[in-house]
Structures are given as C-alpha cells and as structure tokens.
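The values are calculated or read from the model by the stated rules, or taken from the named source; none is laboratory data. Computed from a predicted model, the values in this text were never measured in an experiment. As a convention, Cβ positions derive from the backbone with ideal geometry for all residues, glycine included, and neighbour counts pool all protein chains shown.
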Amino acid sequence: MLQTTTQKTAASHIAGAGEANEFLTFRLGAEEYGIEILKVQEIRGWEQPTTIANAPEFIKGVINLRGTIVPIVDMRIKFGLGDAQYNTLTVVIILNIAKRVVGIVVDAVSDVITLDAQQIRPAPDFSASFDTQYITGLGTVDERMLILMNIEKLMTSADMALVDGDTVQ
Amino acid sequence: MSSEAGGDSDFDMSELHGLFFDEAGEHLDAMEALLLDIDVATADDEQLNAIFRAAHSIKGGAATFGFTDVTELTHEMETTFDKVRKKQMPLSTDLVDVFLASGDMLKTMLGALKSGGDSVPEAEVAALCVRLRAFLEPAATAAVPAQPLAQTAVPAVAAAPAAPAGKQTLELVFAPLDAGFTVTAVDGVVIDLKDFGVVTETTTAEEKQQAVLRRFSILTEVSAADLSDAIAFMADPERVKVQAAPAPQAAPAAKSAPKPPTAADTEFGLFVDAATLPANQPESAPAPAAPAPAPVNEAPQKVVELKSPAKAAAPAGASDSASIRVSVEKVDQLINLVGELVITQAMLAQTASKADPVLYEALHNGLATLERNTRDIQEASMSIRMMPMSVAFSRFPRVVRDTAAKLGKEVELVTTGEGTELDKGLIERIVDPLTHLVRNSLDHGLEPADERVANGKSRKGTITLRAFHQGGAIVIEVADDGRGLRREKILAKAKERGMTVSDNMSDSEVWSLIFEAGFSTAEVITDVSGRGVGMDVVRRNIQAMGGRVEIYSAVNAGTRIAIKLPLTLAILDGMSVRVGNEAFIMPLGTICESLQPQPGAISSISGRGQVLSVRGEYLPVISLAEVLGMRADKQRFEDGIIVILEAEGGKTALFVDELVGQHQVVIKSLETNYRKVPGISGATIMGDGRVALILDIAYMVALAHSRLDKAA
C-alpha cells in the first residue's frame with residue numbers, strides 16, 4: 001500500500017518537473033543523492049554561521065547571504081551520514097524552496113545530470129537513511145545509483161524544524 | 001458622453017482601471033476632508049470649487065470607463081453642488097451630510113467595482129440621488145428636469161452649443177515636454193486619440209526644433225471637455241490642453257467664446273505665468289456661459305478646470321502636485337539594498353583602518369566621504385517610507401463628527417503635529433487603535449453638554465489628537481477634557497471581576513486596569529463602545545508595534561492617553577552584548593542600566609531563583625547563556641556584566657559576558673526563511689557581515705519572573 005503511494009508520488013512529481021529532468025547530485029557519506037536543479041539557487045563554501053538558541057543540532061545557525069538571513073542545515077548530522085567536518089572543502093547548497101531560502105551542508109557536490117523517465121525507478125519500500133516518503137525514485141547513471149529526493153517536501157516537513165507548525169505543508 | 005462607447009470598444013481600458021480607482025479614491029478623500037472642514041455659513045469659493053471638482057473628476061473617470069452607477073450618483077452630486085457653488089442655493093448642514101453619505105456610497109461602489117463584484121446597492125444609490133435632487137427642487141424645478149441619469153452624456157454635449165450633431169476641429173497642445181513627458185509618450189496618446197477622430201500634427205518646424213511642445217488638430221464629434229476627460233486618463237492633464245482650433249481652422253465661433261482669455265496662443269502663459277491668468281479666468285469663463293440654457297455648464301467648467309494653474313496652487317490639488325506613485329515593495333527593496341551598502345561600507349572601513357594613514361591618505365579621505373554619503377542615502381531612503389501623521393489623523397474629523405452626532409454630544413476636535421512623520425507601516429497599524437481610543441473618549445470621557453455646563457465647563461467638549469517626537473520615539477496622544485477616570489469605580493469593577501487589586505495601588509496601576517480584557521465600566525453599553533472588548537486589543541496592538549501606552553487622568557479635568565512608538569520598524573537603536581562567541585542585540589530603549597555586580601549582591605531564593613539587589617529593589621537574575629543554551633566565558637556574576645532591562649512593566653537583570661557597543665541596526669526577520677525562536681525577536685547584520693540575533697526582552701523579563709515565582 002505504502003509502496004503504491006510512493007510510486008504515485010514519484011510519478012506525479014517527476015511528471016510535474018517537465019520533460020528535461022535535471023538533477024544536482026551530491027554525496028552524503030557513501031550515498032549519492034539527486035535533487036531537482038530548479039530548486040537550487042547557488043552553491044557556496046562553508047562559513048561559520050551564527051548559532052540559534054535551542055535549535056536542533058543539525059541546524060547549524062543562520063548566515064548572511066547578501067542581506068538575507070538564511071538558516072543552514074547539516075544533512076550529514078540530520079541523517080547520520082559521514083562525519084560532520086567543516087573545512088574549506090565543505091559545501092553548502094543554497095536551496096530556494098516554498099518561497100524560502102535554506103542552505104544545506106553536504107559532503108560534496110558531484111554533477112548536474114539529466115535523467116529521462118526510463119532511468120528513474122520507483123523507490124523500494126525499505127528504509128534508506130531517511131523516510132522513504134521524501135524519496136521520489138532511484139536513478140541509474142553509469143552503474144551508479146542515485147537517490148532522488150523531494151527536497152521541498154523534506155525541508156518543509158515538521159521533521160526539519162525549519163518552519164513553524166502552521167506553515168508545514 | 002459619446003466618448004465612452006468608443007473607449008470601451010477600441011482601447012484597452014482595463015489597464016487604466018487601477019489608475020482610475022486610485023485617483024477616484026484620492027478625490028473622494030479630498031472631498032470628504034473638504035466637506036468636513038467647510039463652514040456652512042462662510043464657505044469660500046475655493047472650497048466649494050474644490051468639492052465640485054472632486055465630484056466632477058470622479059464622474060469624468062467613471063463615465064470614461066462606463067461605470068454608469070458611479071456616474072449617475074456623481075452627476076447628481078455635481079449638479080447639486082454646482083448650484084451651491086454659483087450661490088443659487090445655500091449650503092446647508094443637511095447637504096453636507098448627504099454629500100458625506102454619497103461619498104461613502106461611492107467608496108462602497110468603487111470597492112465593489114474594483115474587486116469585480118457587482119453588488120451595487122441600487123436602491124440606496126437611487127435613494128441618495130433622490131435626496132440630492134430634493135435640494136434642487138425649490139431652486140430649479142424647471143431647469144433641472146429629473147433626467148434619467150444614464151444619459152449623463154446629454155447635458156455635456158448640449159453644453160457645447162456650437163457643435164450640433166456635426167464635427168468640429170479641436171486643437172491639442174502637449175506641453176511642456178521633458179523627461180517626464182517625452183515626445184514618444186505623446187505619440188502613444190495620439191495613437192489612442194485616433195479613436196475619437198482624425199488627428200493631424202500641426203507642430204510648426206520651429207516648435208519641433210525646440211522640442212518643448214507638440215500640437216495636433218483633431219476633427220471630432222466629441223466636445224473639448226469630453227476629450228479632455230478622456231485624455232486625462234492617458235496623460236497628465238496639466239500638460240495637455242484641449243481647445244477649439246485657432247481661427248484659420250474656421251472653428252465655430254461660439255465654441256471659442258467660453259474661453260476668451262486663452263483664445264490666443266498663450267499656452268505657455270498658462271503654465272509659466274501662474275499669477276496673471278487664474279485671476280481672470282474663473283471669472284471670465286463662466287460669464288459667457290451664464291445665459292446658456294443648460295443648467296449644467298459643463299463644458300466651460302471643464303475647460304477652466306483643465307487649464308487653470310490655480311488648481312495646482314489650490315489646497316485641494318496640492319496633494320497630488322509633486323508626487324509619484326511607487327509600490328511599497330520597490331521602496332523596501334531600495335531600503336534593503338541601502339542596508340547592504342552600509343554593511344559593505346563598514347567592512348571597507350574596517351579593512352582600510354589597517355592601512356597606513358599617511359601612505360593612503362586619499363583612500364582614507366575617500367572612505368570618509370563614502371561613509372558620509374552612505375549615511376545620507378540611508379536617511380533619505382528611510383524617509384521615503386515615512387509619512388506625516390496627517391494621513392492617520394485625516395479620518396478623525398469624520399469619526400468624531402459621526403460618533404458625536406450618534407451620541408448627541410457637542411465635540412470639537414483639535415489636531416496638532418500632523419506633520420510629524422512616522423513609518424508607513426506603523427501609520428497603517430496605528431489607525432485602528434487610535435479610532436478606538438477616540439471613540440472611547442467621546443463616549444465615556446466627554447460628558448453630555450448639560451452635565452458639562454453643570455460642572456462649570458463649556459458646552460462643547462474637546463478631543464485633542466497630538467503627535468510629537470520625544471527622543472527617538474514618536475508620541476501620539478488622545479486627550480479629552482471630560483470627566484476623567486474614576487479610581488473607585490475602576491477598583492470596584494476590578495474586584496467584581498475577581499482581579500487582584502488593592503486600594504494602595506498607584507493611579508497609573510489603576511488606570512492600566514482598563515486595558516485588561518473584558519473590562520468596561522460604562523453603565524450603558526452603547527453602539528459606540530462599552531462592550532469591554534477593545535482596550536485590551538488596543539494595548540496588544542501597540543505592544544506588537546514595539547510601543548507602549550500610558551494613561552494620565554484627573555477627575556473632572558479629563559483623560560490623556562499617550563502612545564509611544566518607535567519611529568520606524570526597520571531600524572533599531574541597540575546595544576550589542578557578547579555571550580561566548582556570539583553577539584546579541586538588545587533594544588536600547590529596554591535597557592535601564594548596566595553594572596558589574598559586587599560579590600554578594602546576588603542572592604538565591606530556595607537555591608533556584610536568584611535576585612539582585614539594586615538600591616533596595618530586588619530583581620530576578622537570569623543568565624543569557626543559560627536561556628539560550630550556550631556556553632558563557634564568564635561563570636561568576638562579578639566577572640561579567642549585568643544589564644537591567646525593562647519591558648511590559650517588569651524589570652530583570654540579565655547576565656552577559658561583555659557589553660560590546662551601541663549600534664543602529666537594520667532589523668531583518670528570522671521568520672522569512674526560518675521559524676520563530678522564543679527569546680529572539682529578529683536578526684540583523686553586523687559590520688563584519690555576520691548575523692547577530694536581536695533579543696526579545698519582553699520574553700526575557702517574563703521568563704525571569706516566572707522562574708522566580710516558581711522558586712519562591
């Protein structure tokens with residue numbers, strides 16, 4: 001039952017993205033993830049954010065992005081993948097989702113790839129490092145497996161504690 | 001008007017609708033202000049003319065867009081007022097009332113049209129029309145047949161007697177041309193004009209070279225006045241002149257008669273020489289028109305209106321003379337960008353301070369200039385958002401008038417300090433609380449006239465609205481000279497409500513009880529107030545704006561309620577403090593003092609809560625690091641700094657590592673991209689580009705007190 005729902009979400013989500021499905025891929029520990037390129041605003045290096053009182057550990061704080069106050073989430077801490085080290089190679093992906101700007105810390109940004117519908121399979125029902133409801137499908141590129149995530153749904157979920165309860169979609 | 005059909009079918013008017021609604025709204029506001037201001041006995045011509053013009057302008061616009069209901073009502077208003085203006089009928093309070101009611105109706109109708117709704121209360125409109133017409137009956141039964149109003153067009157066309165069914169040649173002069181109204185802009189208007197008739201350019205070669213004006217002639221069946229109205233929606237009417245074509249065009253002689261002073265080519269005189277022409281124009285223009293059979297002398301009036309520079313000089317027209325309409329978003333964007341500039345400038349200054357001042361003298365001088373300029377730009381851009389308090393005050397004459405009438409009281413409203421400027425966002429939010437306070441003063445504060453006389457006061461009560469600057473804040477006061485607050489009554493009521501009160505409370509503590517929810521001492525609940533909802537909302541709204549309310553009252557002398565607000569929402573005077581590695585900002589207004597406590601000055605209660613003794617007062621102490629779950633550098637109170645804060649009537653001592661300095665910071669919302677954080681009211685960007693959080697002092701104070709309550 002759950003699987004069918006996921007498949008439907010996957011299908012509708014991908015269909016909604018139009019013909020050209022471009023994905024930005026990044027690594028978290030040993031896993032490779034893909035997010036819709038249209039949700040990505042920019043990629044920056046790491047800078048020490050201002051910590052926020054009583055925030056969960058994975059919310060590193062807020063930074064000043066040309067006058068906008070942007071919260072930074074460390075996906076590695078959130079999903080317990082890779083060791084959360086901060087150095088000159090640490091990458092922050094600035095996302096533009098649900099009219100909000102949010103930064104996520106990942107291990108490395110790999111590539112921008114184009115996937116057509118045949119290359120995307122529905123996600124199996126076993127657990128990845130996070131809830132399958134945020135996975136739209138699995139992509140295969142050159143024998144590598146890519147986990148495609150619905151980053152918008154994830155970032156606006158109550159789980160991420162990024163938005164107030166009443167605005168959670 | 002014959003032009004309206006063409007307008008509907010041929011040009012795309014929908015884009016212009018917004019403009020019409022805006023303008024009509026302004027005209028209505030202006031009209032209302034004038035009506036309220038007018039003294040029935042001594043109304044001067046200029047006031048009457050201004051009211052007439054406002055009604056007329058709305059009618060013109062409404063007709064152009066085919067809003068017949070609006071046209072109908074404004075037409076009646078215009079017809080009636082025309083009589084008054086010409087002294088054929090006296091101005092009466094009743095008439096002013098009907099006009100005010102009509103203005104309200106027009107607002108409703110425009111609102112409905114704007115939102116695309118169709119719910120125009122036709123019966124009420126008709127009733128108003130009848131009321132308006134009733135004023136005309138004794139004066140001009142014969143002259144004003146009760147014409148079906150949809151035919152508004154008829155008198156207008158008829159008023160141009162020399163243009164029977166046939167066509168006429170009109171001359172259009174577009175001037176002065178400049179950056180605000182370019183040659184190309186004229187072309188745009190001219191293209192649209194082709195719907196009215198055949199347009200030919202008649203600009204002479206010499207004029208073309210100077211490029212200051214363009215001249216066209218148009219062969220049309222539309223009257224000059226109607227054409228002017230139509231053009232008013234395409235271009236600034238001040239820059240376009242419509243008149244009968246000059247003599248060589250063999251224009252009908254009668255057509256040019258109504259405007260003798262301008263028959264010659266003195267277009268520029270109209271704009272440049274404001275002193276001479278207006279003086280004779282209004283007199284001479286109606287003169288030839290007077291014997292005309294049509295009771296509504298529209299055409300000449302319109303011509304006068306369109307051309308008269310007096311319009312710009314008149315108080316009614318002054319508000320739209322030199323302003324442009326810009327969306328708030330654009331202004332906010334500008335302010336944000338300036339904020340960025342300030343930060344960049346601060347960063348540059350910081351970097352350059354390391355450079356040798358002798359070697360890099362020019363650089364330092366340049367940076368000093370940059371700093372000055374940036375500050376000026378910041379101030380100037382902030383001032384764009386500032387609006388005078390008159391924007392908020394302007395609605396009160398009406399509120400007072402209506403409420404006083406309802407309550408049967410005699411009231412005079414005095415407003416001072418209308419020029420005091422306040423952030424637009426704050427002005428919008430202060431209007432409702434102010435309205436509430438004014439109604440309250442009218443209802444509860446002021447006594448009925450007889451009671452006033454018995455108490456040795458004048459029959460007429462006075463309500464004073466006052467705005468002024470005090471330090472970095474603006475104070476808005478609502479004062480009345482009424483009966484004042486009754487201490488015993490409030491205390492009795494509070495006891496009845498089960499509130500914890502004592503007879504020893506200070507006056508100000510007693511007065512502030514009226515802000516509690518559900519508190520009303522009015523014996524009779526009236527239509528106006530007394531339901532006990534409101535005063536608590538008033539206080540909440542004002543606190544939400546970062547302001548506070550104070551009440552001063554004396555029995556039989558009156559009550560004064562003072563609202564103190566920050567000047568703007570966007571900028572905050574703050575003190576930055578450091579805890580661990582982070583800087584925090586606290587609003588300067590909330591800081592009473594800061595001190596380094598002596599060992600032993602802080603004692604604990606039941607081993608949990610801690611209090612600081614300051615000059616005999618015991619204040620709860622909290623550590624900022626602990627509240628925010630951080631690590632402080634200083635563990636002992638005597639090593640760090642205690643800041644004493646005051647908010648919402650309570651005081652608290654807050655322990656921090658260090659005071660850093662005083663800054664003016666640009667407030668940014670944390671919630672735009674994140675969520676609300678308890679204890680934090682916003683964020684800002686410091687000189688080094690880092691984000692610093694602004695503390696919510698009210699939260700800190702409440703937290704400290706609740707902890708102390710638990711400990712005790």
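Points worth noting:
- Matching residues in segment A:63-109 - criterion: being of a type in the set (D, E, K, R), within 14 Å of chain B (Cβ to nearest Cβ) and assigned to a strand (DSSP E or B): A:Arg100
- Condition check for B:Glu477 on (1) more than 24 Å from the chain's Cα centre (by Cα); (2) surrounded by fewer than 22 Cβ atoms within 10 Å (Cβ to Cβ); (3) within 16 Å of B:Arg560 (Cβ to Cβ): one failure, at (1).
- Residue match in segment A:126-139 (condition: surrounded by 19 or more Cβ atoms within 10 Å (Cβ to Cβ), free of Cβ contacts under 8 Å to residues at least 40 places away in the same chain and in a helix (DSSP H, G or I)): yes
- Members of segment B:662-697 that are within 7 Å of chain A (Cβ to nearest Cβ) and touching a Pro at 6+ places or on another chain (Cβ under 8 Å): B:Asn673, B:Tyr674, B:Val691
- Residue ID - farthest from the other protein chains (Cβ to nearest Cβ), chosen from residues in segment B:623-642 that are under 47 Å from the mean Cα position of the chain (by Cα) and farther than 18 Å from B:Val701 by Cβ: B:Met630
- Filter result (closer than 12 Å to B:Leu91 by Cα and assigned to a helix (DSSP H, G or I)) within segment B:28-46: B:Leu35, B:Asp45
- One residue stands out among those in segment B:533-555 that are in contact (Cβ under 8 Å) with a residue 24 or more places away in the chain and of a type in the set (Val, Ile, Thr): the one that is farthest from B:Phe515 (Cα to Cα), which is B:Val555.
- Yes/no for A:Asn54 being within 14 Å of chain B (Cβ to nearest Cβ), under 17 Å from the mean Cα position of the chain (by Cα), surrounded by fewer than 21 Cβ atoms within 10 Å (Cβ to Cβ) and not in a helix (DSSP H, G or I): no
- From B:Ser381, B:Ser441, residue being surrounded by 16 or more Cβ atoms within 10 Å (Cβ to Cβ) and assigned by TED's automatic domain parsing to the domain that holds B:Arg486: B:Ser441
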